[in-house]
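All remarks here apply to the structure that follows.
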Amino acid sequence: MTRVRSSSEDASTRSRSLSAGLRDESKRPAGKVWLVGAGPGDPGLLTVRGLRALERADVIVADRLGARAVLDGLAADGVELRAEIVDVGKSPGHHAVPQDAINALLVQLALDGKEVVRLKGGDPYVFGRGVEELDHCLEAGVPVEVVSGVTSAISVPAIAGIPLTHRGVATAFTVVTGHDQIAELGGGRDHTVVLLMGVGTLAHAAMTLARGDRGADCPVAIVEDGFGPRQRVTVGTLATIAAQAADRGIRSPAVVVVGDVVRLSPYAPEAFALDLSAFDPLAAPASASPRKAAL
């Protein structure tokens, strides 16, 4: 499936032009780009469609987080991929290959007749700049297929026993990055907040969220290295979590979860735990009276 955005008249015109060009076999590029979500780093969570794309690829342009772990895991499981692997991974504060260069590389490889998989950690459309890469390819007349992946925003809390929603506990969740301004983020403890890439700005985020309806005693969990060898869970409150993170030397990658759903985790201290056997899911959510829900 080739996807074309058409949110404006210009985009619609571009879409029709590209579609017409791709219907003309003489103008059709020999190659193709697949934007594949690798998931959180466990090869078992790579989709079947994503695996099929990897198996047919001539070149895999891979991210650092999630993507390389999946490739290593597939190799360990005996899955042989014939593709050349190009590492364009980014680390915090260091982008060895700029985004513009990645965009240009995808187009050039496809125009050279290659089947190209752009393997991105998590999901290409969740803080993955997938649309930028898709647009750049489409503007060059290169067909693109997007293969969704399992985002760490959901899968990493799950391995710590934390659902992002639960009847009577949380009715919604919001995913933001630690780089975002979250002062305007409303809601109480029944509105779960998931912070990605938030370790470096954790103290500021916790202080900002504590000033709102959630309160300083709102539960927080940090899940480090979700599907990796350093997997670890730290549970505290908005008032304590920054100091706990410093004391424990918490490092990226990590997912931060804020809200009463943290109380459902088996890693939560006994004083935090929410006893579901005596819990009334039809009662008013804790955020309606945050101070009465003090841990």
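Take the residues in segment 248-269 that are in a loop (DSSP other than H, G, I, E, B) and small (Gly, Ala, Ser); name whichever of them is nearest to ALA205 (Cα to Cα).
Filtering segment 248-269 down to residues in a loop (DSSP other than H, G, I, E, B) leaves 249-253, 259, 265-269.
Next, only the ones that are small (Gly, Ala, Ser) stay: 249, 252, 259, 265, 268.
Values: GLY249: 18, SER252: 16, GLY259: 13, SER265: 22, ALA268: 21 Å.
Among them, the one singled out is GLY259.
For segment 78-88, which positions are at pLDDT 95 or above and over 17 Å from GLU115 (Cα atoms)?
GLY78, VAL79
If I ask for residues that are more than 10 Å from TRP34 (Cα to Cα) and part of a helix (DSSP H, G or I), which ones from segment 125-145 would you list? Please lay out each step first, then the result.
Narrowing segment 125-145 to residues more than 10 Å from TRP34 (Cα to Cα): 125-133, 135-142.
Of everything in segment 125-145, those that are more than 10 Å from TRP34 (Cα to Cα) and part of a helix (DSSP H, G or I) turn out to be GLY130, VAL131, GLU132, GLU133, ASP135, HIS136, CYS137, LEU138, GLU139.
Restricting attention to segment 228-247, does a residue exist that is over 24 Å from the mean Cα position of the chain (by Cα), assigned to a loop (DSSP other than H, G, I, E, B), farther than 22 Å from SER155 by Cβ and modelled with pLDDT under 95?
Looking for residues that are over 24 Å from the mean Cα position of the chain (by Cα), assigned to a loop (DSSP other than H, G, I, E, B), farther than 22 Å from SER155 by Cβ and modelled with pLDDT under 95, one finds none in segment 228-247, hence no.
Filter segment 166-185 down to the residues that are open to solvent by less than 40 Å² (accessible area, probe 1.4 Å) and not hydrophobic (A, V, I, L, M, F, W, C) and list them by number. Talk me through it step by step, then tell me what you get.
Going residue by residue through segment 166-185, those that are open to solvent by less than 40 Å² (accessible area, probe 1.4 Å) are 168-170, 172, 174, 176-178, 182.
Across segment 166-185, the qualifying residues are GLY168, THR174, THR177, GLY178.
If we scan segment 97-112, do we find a residue that is charged (D, E, K, R), open to solvent by less than 10 Å² (accessible area, probe 1.4 Å) and farther than 30 Å from VAL220 by Cα? Write out each step before concluding.
Kept after step one, since they are charged (D, E, K, R), are these residues of segment 97-112: 100, 112.
If we keep only those that are open to solvent by less than 10 Å² (accessible area, probe 1.4 Å) too, we end up with none.
No - not one qualifying residue is present in segment 97-112.
GLY149 passes all but one of (1) under 25 Å from GLU55 (Cβ atoms); (2) touching a Leu at 6+ places or on another chain (Cβ under 7 Å); which number fails?
(2)
For segment 154-165, give me each residue that is small (Gly, Ala, Ser) and either surrounded by fewer than 18 Cβ atoms within 10 Å (Cβ to Cβ) or outside any helix (DSSP H, G or I) (or both).
Of the residues in segment 154-165, the ones small (Gly, Ala, Ser) are 155, 158, 160-161.
Residues satisfying the conditions are ALA158, ALA160, GLY161.
Within segment 67-78, can one find any residue that is in contact with a strand residue (DSSP E or B) (Cβ under 8 Å, 6 or more places away or on another chain) and open to solvent by 20 Å² or more (accessible area, probe 1.4 Å)? Show your work before the answer.
Residues of segment 67-78 that are in contact with a strand residue (DSSP E or B) (Cβ under 8 Å, 6 or more places away or on another chain), as a first pass: 67-68, 70-71.
Now restrict to residues that are open to solvent by 20 Å² or more (accessible area, probe 1.4 Å): 68.
So far as segment 67-78 goes, yes, one or more of its residues are in contact with a strand residue (DSSP E or B) (Cβ under 8 Å, 6 or more places away or on another chain) and open to solvent by 20 Å² or more (accessible area, probe 1.4 Å).
Please determine whether any residue of segment 118-132 is among the aliphatic types (A, V, I, L, M), at pLDDT 95 or above and open to solvent by less than 10 Å² (accessible area, probe 1.4 Å).
There is at least one residue in segment 118-132 that is among the aliphatic types (A, V, I, L, M), at pLDDT 95 or above and open to solvent by less than 10 Å² (accessible area, probe 1.4 Å).
Just give me the residues in segment 260-282 being open to solvent by 40 Å² or more (accessible area, probe 1.4 Å), at pLDDT 80 or above and among the aromatic types (Phe, Trp, Tyr), in sequence order.
Hit for segment 260-282 is TYR267, nothing else.
It is to be established whether one or more residues within segment 146-153 are hydroxyl-bearing (Ser, Thr, Tyr), out of contact with any helix residue (DSSP H, G or I) (no Cβ under 9 Å at 6 or more places or on another chain), surrounded by 17 or more Cβ atoms within 10 Å (Cβ to Cβ) and part of a helix (DSSP H, G or I). Give the derivation first.
So the first thing to find is which residues in segment 146-153 are hydroxyl-bearing (Ser, Thr, Tyr), and the list is 148, 151-152.
Next, only the ones that are out of contact with any helix residue (DSSP H, G or I) (no Cβ under 9 Å at 6 or more places or on another chain) stay: 151-152.
Now restrict to residues that are surrounded by 17 or more Cβ atoms within 10 Å (Cβ to Cβ): 151-152.
Filter again for part of a helix (DSSP H, G or I), leaving 152.
Scanning segment 146-153 turns up at least one residue that is hydroxyl-bearing (Ser, Thr, Tyr), out of contact with any helix residue (DSSP H, G or I) (no Cβ under 9 Å at 6 or more places or on another chain), surrounded by 17 or more Cβ atoms within 10 Å (Cβ to Cβ) and part of a helix (DSSP H, G or I).
Quickly run through segment 186-200 and pick out the residues that are within 22 Å of SER155 (Cα to Cα) and either surrounded by 17 or more Cβ atoms within 10 Å (Cβ to Cβ) or more than 18 Å from the chain's Cα centre (by Cα) (or both). Can you show your working first?
Initial filter on segment 186-200 (within 22 Å of SER155 (Cα to Cα)): 189-200.
Answer for segment 186-200, where residues must be within 22 Å of SER155 (Cα to Cα) and either surrounded by 17 or more Cβ atoms within 10 Å (Cβ to Cβ) or more than 18 Å from the chain's Cα centre (by Cα) (or both): ARG189, ASP190, HIS191, THR192, VAL193, VAL194, LEU195, LEU196, MET197, GLY198, VAL199.
For segment 234-243, give me each residue that is surrounded by fewer than 22 Cβ atoms within 10 Å (Cβ to Cβ) and among the aliphatic types (A, V, I, L, M).
Passing the criteria: ALA239, ALA242, ALA243.
The values are calculated or read from the model by the stated rules, or taken from the named source; none is laboratory data. This structure is a prediction, so every number in the text was calculated from the model and none was measured. Neighbour counts are summed over all protein chains in view; Cβ atoms, including those assigned to glycine, are modelled from backbone coordinates with ideal geometry. For the accessible areas, the whole protein counts, side chains as well, though only heavy atoms, and no ligand, DNA or RNA atoms are used. Shrake-Rupley method; radii C 1.70, N 1.55, O 1.52, S 1.80 Å.
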